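Scroll down for the structure; my scribbles are underneath it.
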Amino acid sequence: MTILDIRTPALYGKGHIPGATNAPFNLWAISNKELSLELPPDKAVQDLLQKSGIDGSSLVVVVNKCDTDFDKADAMRVALTCLIAGVKNVAVLDGGYNKWIKDKKNVSSDAADVSPSAKAATVNRSMLASKEYVLSRIGKSAIVDARTAEDYFGISSKPGHIKSAVNLPAPWAYAKDGAFLKEEELKAIAAGVIGTNKSKEIITYCQVGGYASTWWFLLTQVLGYQNVRIYDGSMEEWLKDPNAPVSTYSWH
């Protein structure tokens, strides 16, 4: 098992789960002139996994701090990236490093001795949705906006949501202590918004791709939905197109 600590090197150095390897979050996403928090090129992801001792058959547990909703989303984003990169068995530590410390479990300040993996995993980007694809699925697939209700509704600085999208805020997936809600609660929340048909197509998005990763991971890896894509460009890309339809002050 590979325990993948995605906190900063400074925080990792102060203490981490014994045996955990450090691969900070900033290595798992790239920004360019157009978009932020995008998936790196295939080769970059493969190299990062190999350097971390991970191949397609590895069991990976992603660990982050849980101080903010964005911290929690970052862990889910890395888990998503590992799955896209061909790692078959990926988990996220419930409650993160915060709960590990709260539960008074062992910590270490010794850097892990990592042996690079010999074989790169095979990247599969089929679960990604492009802007053009999302446009073609309006009114046909369940398009899920994972941002807060204020952003979705259009009363914050964000101008509404993709036409026909429903709202399933990522922060709803967590209890106050940063741990996930119980599976039955997550199941009920998801069913209440998108229904119980596990084969229907679902497309998650948010502002830049973080919150959307939370529900993508939970829907596919925990709740058994079988046809879920993530729109990585999300609203950041959508709003660059003046012809992309946006709904404001509407719950659908």
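FYI, it's all coordinate maths here, none of it is from the lab. Predicted model, so just to flag it, every value in this text is computed and none were measured. When we count neighbours, we look across all protein chains shown, and the Cβ atoms used for this are built from the backbone with ideal geometry, even at glycine.
For the chain, find the longest principal axis of its Cα atoms and tell me its angle to the long axis of helix 42-51, 0 to 90°, nearest 10.
Result, in degrees: 30.
Give, in nm to one decimal, the length gained when the segment between Ala44 and Ala188 is fully stretched (0.36 nm per residue of separation minus the Cα-Cα distance).
Working: separation 144, 0.36 × 144 = 51.84 nm, distance 3.77 nm.
Roughly 48.1 nm would be gained on extension.
Size of the dipole of region 11-82 about the Cα centre, Lys and Arg at +1 and Asp and Glu at -1 on the beta carbon, nothing else charged, in debye to 20? Spell out each step's value before the answer.
Working: 7 positive and 9 negative charges, 39 e Å.
Dipole size: approximately 180 debye.
Only four residue types carry charge here, +1 at the Cβ of Lys and Arg and -1 at the Cβ of Asp and Glu. Report the dipole size of the chain about the Cα centre in Debye, rounded to the nearest 20. It would help to have the intermediate numbers written out before the result.
Working: 28 positive and 27 negative charges, 61 e Å.
Once rounded to the nearest 20, the dipole reads 300 debye.
To the nearest 10 degrees, how steep is helix 69-84 against the longest Cα principal axis of the chain, on a 0 to 90 scale?
80 degrees
Explain nothing, just compute: Karplus ³J(HN,Hα) = 6.51 cos²θ - 1.76 cosθ + 1.60, θ = phi - 60°, for every residue of region 182-198 in order, whole Hz, x for Gly and Pro.
Couplings: 5, 4, 5, 5, 4, 4, 5, 4, 5, 5, x, 9, 10, x, 10, 6, 6 Hz.
Would you grab the residues whose amide H sits under 5 Å from the one on Val62? Only those 5+ places off in sequence or on another chain, please, with H modelled 1.01 Å from N.
Those lying under 5 Å, H to H, from Val62 are Leu4, Ala91, Val92, Leu93.
Could you give the dipole magnitude of region 131-247 about its Cα centre, charging the beta-carbon of Lys and Arg +1 and that of Asp and Glu -1, in debye to the nearest 20?
Working: 13 positive and 13 negative charges, 60 e Å.
Roughly 280 debye, rounded to the nearest 20.
At 0.36 nm per residue, minus the direct Cα-Cα distance, what do Thr68 and Lys102 gain on full extension? Give it in nm, one decimal, please.
Numbers: separation 34, 0.36 × 34 = 12.24 nm, distance 1.62 nm.
The Thr68-Lys102 span can extend by a further 10.6 nm.
What does the charge count near Asp151 come to, summing +1 for each Lys or Arg and -1 for each Asp or Glu among other residues with Cβ under 9 Å from its Cβ? Display every interim value, and only then the final one.
Details: positive: Arg147, Lys158; negative: Asp145, Glu150.
Cβ neighbours under 9 Å give a net charge of 0.
Taking R0 as 41 Å, what FRET efficiency do you get between Val114 and Val166 from their Cβ-Cβ distance, rounded to the nearest 0.05?
On the way: r = 42 Å, r/R0 = 1.02.
Efficiency at R0 = 41 Å is approximately 0.45.
Given springs between every Cα pair under 10 Å in a Gaussian network model of the chain, which of Thr122, Thr68, Thr81 has the largest fluctuation?
Greatest mean-square fluctuation among the candidates belongs to Thr68.
If each residue's Cβ is checked for other Cβ atoms within 10 Å, how do Phe217, Phe70, Phe180 rank with the fewest at the top? Mind dumping the intermediate values first?
Numbers: Phe217 26, Phe70 14, Phe180 17.
Fewest-to-most ranking of Phe217, Phe70, Phe180: Phe70, Phe180, Phe217.
When only Cα pairs under 8 Å and 6 or more residues apart are kept, what is the percent relative contact order across region 2-102?
Working: 149 pairs, mean separation 28.5, N = 101.
Computed value for region 2-102: 28 percent relative contact order.
Taking the number of other C-beta atoms within 10 Å as the exposure measure, put Glu150, Glu236 in order starting with the fewest. Spell out each step's value before the answer.
Working: Glu150 12, Glu236 18.
The order, fewest Cβ neighbours first, is Glu150, Glu236.
Using a 10 Å cut-off around each Cβ, can you sort Asp145, Asp232, Asp177, Asp103 from fewest to most neighbouring Cβ atoms?
Numbers: Asp145 30, Asp232 25, Asp177 12, Asp103 8.
Ascending number of Cβ neighbours within 10 Å: Asp103, Asp177, Asp232, Asp145.
Run down the lysines and flag those whose C-alpha is under 23 Å from the C-alpha of Lys14, throwing out any fewer than 8 positions away in its chain.
Output for Lys14: Lys51, Lys65, Lys72, Lys99, Lys102, Lys104, Lys105.
Would you please give the residues with an amide H less than 5 Å from that of Arg229, counting only those at least 5 places away or on a separate chain, with H modeled from the backbone geometry?
Residues meeting the amide H criterion: Ile202, Ile203, Thr204.
Under the definition of Cα pairs under 8 Å and six or more residues apart, what whole-number percent is the relative contact order of the chain? Intermediate values should be presented prior to the final figure.
On the way: 511 pairs, mean separation 52.7, N = 252.
Relative contact order comes out at 21 percent.
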